[in-house]
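Peer 1: If you scroll down you'll find the structure; I have some questions about it.
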Amino acid sequence: MCESVKRVRSKSVTSSDVDSYLDRAKEQNGGSFADVHVEEVKSLGRIVPVFLTIIPYWTIYVQMSSVYFLQGERMLLTIGGFMIPVSSLNLFNIIIILILIPLMDRLVYPCLANLGLNFTQLRRIGFGMILASLSVVAAAIVEVCRKQDLRTNGGIPQDISGTVYNSSSISVFAQIPQFTLIGASEVFTSITGLEFAYSQSPPSMQGVVMGMFLLTTGLGSYLGSLLVVIVNAASHDDPWLPDEINDGYVERFFILLAVLMILDFIVFVILAWRYKYVEREEVLQVLQLDTSHKKPQETENSVQSQTQQAGEIGRASCRERV
């Protein structure tokens with residue numbers, strides 16, 4: 001929990017309470033900044049590490065619109081003479097999101113709460129990470145089966161927009177599990193991540209903190225590109241990800257992503273285990289430190305509004321993705 005909450009709980013702050021170099025900037029310690037503002041900056045030190053562990057999740061997520069499509073182009077796309085657009089598999093990602101959002105929000109989460117099971121925000125984010133790792137594992141299994149089929153039965157020439165690919169006879173619908181799993185992971189990690197960013201950040205820095213969370217999306221994409229460069233450089237003589245993936249080892253790349261996600265998940269679990277949530281009552285007390293000129297009811301209404309907006313922002317963001 002941010003240090004400002006600890007100050008509220010203790011009800012006593014002395015000039016000797018200097019546990020960070022930032023504390024020297026407090027007015028009570030001879031600095032130039034209000035105590036509550038310094039505490040709000042310090043609280044970022046507890047939130048940002050959680051955000052950093054979400055970056056590898058986005059690295060896996062962007063595979064849905066890159067390597068997954070490359071894999072799909074080399075699978076059987078025709079059914080009864082009709083060619084299915086390879087990007088249409090993304091529909092299963094959208095469908096699972098539309099199903100899970102109301103199901104989890106209106107049924108599963110309330111039922112778990114009634115049973116006394118606290119499925120906290122960080123637990124939801126971690127569960128989404130597990131689903132993401134399962135998605136690339138499923139993709140690796142499909143890739144192994146696809147290449148085995150090519151070796152056994154030979155390829156099927158498949159013309160896609162004027163480009164002929166040597167495709168497997170395995171239907172592209174074999175990719176449904178990996179698209180569904182990555183879509184389900186978004187419901188838990190992406191939406192809940194936005195709620196966590198909004199509800200756990202200092203009131204005056206909520207916009208900044210949510211922007212930092214959204215920044216992890218771009219950083220995850222860059223990390224994915226960097227991994228491709230590193231992997232191909234390390235396997236220069238026999239690259240994992242050549243221009244023609246039939247000649248590479250995409251399944252190894254998928255397994256690498258799964259392993260990195262598992263290692264990252266372990267770090268995330270440690271951070272989540274040590275993290276202490278900012279409770280609503282504590283946020284109210286902290287707000288009163290910086291809004292003493294306001295009436296108590298105004299501060300209470302501010303907290304209620306922020307709590308409601310946290311969930312709305314997360315769900316709105318996912319609707320925009322869909």
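The values are calculated or read from the model by the stated rules, or taken from the named source; none is laboratory data. What you are looking at is a predicted structure, and each value in this text was computed from that prediction instead of being measured. So basically every Cβ, Gly included, is an ideal-geometry build from the backbone, and we count neighbours across all protein chains shown. Surface areas here come from the heavy atoms of the whole protein model, side chains and all, with no ligands, DNA or RNA. Shrake-Rupley method; radii C 1.70, N 1.55, O 1.52, S 1.80 Å.
Peer 1: Would you check if there is a residue in the range 172-179 being open to solvent by less than 40 Å² (accessible area, probe 1.4 Å) and within 18 Å of the chain's Cα centre (by Cα)?
Peer 2: Taking every residue of the range 172-179 in turn, at least one turns out to be open to solvent by less than 40 Å² (accessible area, probe 1.4 Å) and within 18 Å of the chain's Cα centre (by Cα).
Peer 1: Next question. Output the residue which, of all residues in the range 259-271 that are touching a residue at least 40 places away in the same chain (Cβ under 8 Å) and aliphatic (A, V, I, L, M), is surrounded by the most Cβ atoms within 10 Å (Cβ to Cβ). Don't jump to the end; show me each part of the working.
Peer 2: The first filter runs over the range 259-271 and keeps only residues touching a residue at least 40 places away in the same chain (Cβ under 8 Å), leaving 260-262, 264-265, 267-269, 271.
Cutting the leftovers down to aliphatic (A, V, I, L, M) gives us 260-262, 267, 269, 271.
Values: L260: 17, M261: 23, I262: 13, V267: 13, V269: 15, L271: 15.
Within the range 259-271, the match that is surrounded by the most Cβ atoms within 10 Å (Cβ to Cβ) is M261.
Peer 1: Which of the residues belonging to the range 191-213 are touching a Ser or Thr at 6+ places or on another chain (Cβ under 7 Å) and surrounded by fewer than 24 Cβ atoms within 10 Å (Cβ to Cβ)?
Peer 2: L194, S199, V209
Peer 1: Only residues that are without any contact (Cβ under 8 Å) to a residue 60 or more places away in the chain and either hydrophobic (A, V, I, L, M, F, W, C) or open to solvent by less than 80 Å² (accessible area, probe 1.4 Å) (or both): list them for the range 245-258, please.
Peer 2: Across the range 245-258, the qualifying residues are G248, Y249, L256.
Peer 1: Please work out if S169 is over 14 Å from the mean Cα position of the chain (by Cα) and open to solvent by 20 Å² or more (accessible area, probe 1.4 Å).
Peer 2: Taking the combined requirement at face value, the residue satisfies it.
Peer 1: Out of the range 118-158, which residues are of a type in the set (F, W, Y) and modelled with pLDDT of 95 or more?
Peer 2: We begin by selecting, within the range 118-158, every residue of a type in the set (F, W, Y); these are 119, 127.
F127 - this is the single residue of the range 118-158 that is of a type in the set (F, W, Y) and modelled with pLDDT of 95 or more.
Peer 1: Just to be sure I understand the filter: pairs with C-beta atoms under 7 Å, separated by 6 or more residues or on different chains, first member in the range 141-165 and within 16 Å of E244 (Cα to Cα), second member aliphatic (A, V, I, L, M). Which pairs pass?
Peer 2: Matching pairs, first to second residue: E143/V250; R146/M75; R146/I170; I156/L76; P157/V164; Q158/L77; Q158/V164.
Peer 1: Right, another one. If you go through the range 162-174 one residue at a time, do you hit one that is modelled with pLDDT of 95 or more, among the hydroxyl-bearing types (S, T, Y), touching a Leu at 6+ places or on another chain (Cβ under 7 Å) and not in a loop (DSSP other than H, G, I, E, B)?
Peer 2: No, the conditions are met nowhere in the range 162-174.
Peer 1: Here is a follow-up. Name, by its number, the condition in (1) in contact with a strand residue (DSSP E or B) (Cβ under 7 Å, 6 or more places away or on another chain); (2) part of a helix (DSSP H, G or I) that does not hold for G218.
Peer 2: (1)
Peer 1: Moving to a separate point now. May I ask you to list pairs of residues, at least six apart or on different chains, whose Cβ atoms are under 6 Å apart, with the first in the range 186-208 being in a helix (DSSP H, G or I) and the second being aromatic (F, W, Y)?
Peer 2: F188/F127; T189/Y57; G193/F213; A197/F213; Q206/Y198
Peer 1: OK, next. Return the pair list, or none, for Cβ contacts closer than 6 Å from residues in the range 224-236 that are among the β-branched types (V, I, T) to residues that are not in a helix (DSSP H, G or I), at least 6 apart or on different chains.
Peer 2: Listed pairs, sorted by first residue: V228/L241; V231/W240.
A quick yes/no check of all residues on (1) open to solvent by 40 Å² or more (accessible area, probe 1.4 Å); (2) assigned to a helix (DSSP H, G or I); (3) more than 20 Å from F179 (Cβ to Cβ); (4) without any contact (Cβ under 8 Å) to a residue 24 or more places away in the chain:
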site	(1), (2), (3), (4)
G31	no, no, yes, yes
V36	no, yes, yes, no
S43	no, yes, yes, no
I55	no, yes, yes, no
T59	no, yes, no, no
F92	yes, yes, no, no
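Peer 1: Considering only residues that are more than 27 Å from the chain's Cα centre (by Cα) and surrounded by 11 or more Cβ atoms within 10 Å (Cβ to Cβ), which ones fall in the range 230-243?
Peer 2: Keep residues of the range 230-243 that are more than 27 Å from the chain's Cα centre (by Cα), which gives 233-239, 242-243.
Across the range 230-243, the qualifying residues are S235, P239, P242.
Peer 1: Hey, another quick one. Which count do you get for residues in the range 233-274 that are touching a helix residue (DSSP H, G or I) at 6+ places or on another chain (Cβ under 8 Å), in a helix (DSSP H, G or I) and either farther than 28 Å from L131 by Cβ or of a type in the set (S, T, N, Q) (or both)?
Peer 2: Looking only at that region, the number is 1.
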